[in-house]
Amino acid sequence: MLPGLLRRSFEIAAFSSVAVLVGCTARGGQMLYMLGFGKAPMIEAQFRLTDEPVLIFVDDIHECIDWPQTERYIFDELSQALLRNKAAKRIVPLETVDQLRQVVEDFNKRGCREIGELAGATQVLWLEVRDFLADEQIGGPSDAAFIGVTVKVIDVTQKESRTRVRLWPVSPEGQFVSVSLSGAEAAEADTKADIAKELAIKLADAVASLFYDYRADDFAHDTK
């Protein structure tokens, strides 16, 4: 108990000393903020993606998505979010996967690790769609549209051991991420295409934030 009390007393004394030095002026408040007082805590990345090529693979194996362009929206928005926040340096273009889909025999029967290898990636960021709703007929004030995915990172270079193919997370079920639009947001989006686009933007920001550091008050999303 004593070491903890001493540490707490030291922190209080340090804060008081700084407050006395800077005073209660606006400039003093800015200095305190610069020193870290009043800032939301940093949330560390749950996993660091490689600097080598990463393949984003949106897998709707359960056929939840009923709007064809949604997967492309998710790919585009997530690619931009990862690159913008320096969570990834190189993303395999979606056109590469489209070409493989046309020329590789039994493409749909191949695992995402193998697809990543064929695409020249080192890791696969695998999103498996679990829930999806993007309806123009708004039925209530909340959760008028939503999407939920499980997220996994797969090591493309690991061929010998299946248990070591998944780099993250520890749980074999993956990291669940879901986002939604309120009735007002869905109504503002208007068309089903616009609703799907807004969901993709929200989902991309939420998924990307798993792979870089950010402040706790930057935005909120649901994970399990």
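The values are calculated or read from the model by the stated rules, or taken from the named source; none is laboratory data. Here the structure is a predicted model, which means the values were calculated and not measured. Here Cβ is always computed from backbone atoms with ideal geometry, including for glycine, and neighbour counts include all displayed protein chains.
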Do the conditions hold for ALA189, that is, is it touching a helix residue (DSSP H, G or I) at 6+ places or on another chain (Cβ under 6 Å) and either modelled with pLDDT under 90 or not aromatic (Phe, Trp, Tyr) (or both)? yes
What number of residues within region 165-197 are among the hydroxyl-bearing types (Ser, Thr, Tyr) and assigned to a loop (DSSP other than H, G, I, E, B)? 3
Failed condition for PHE37, given (1) loosely packed, with under 11 Cβ neighbours inside 10 Å; (2) modelled with pLDDT under 95; (3) under 29 Å from VAL207 (Cα atoms): (1)
Looking only at region 58-78, and only at residues there that are more than 20 Å from LYS152 (Cβ to Cβ) and under 20 Å from the mean Cα position of the chain (by Cα), the one that is modelled with the lowest pLDDT: GLN69
Flag if GLN158 is closer than 20 Å to ALA87 by Cβ and modelled with pLDDT of 70 or more: no
If you go through region 182-201 one residue at a time, how many are closer than 27 Å to MET42 by Cβ and crowded, with 22+ Cβ neighbours inside 10 Å? 1
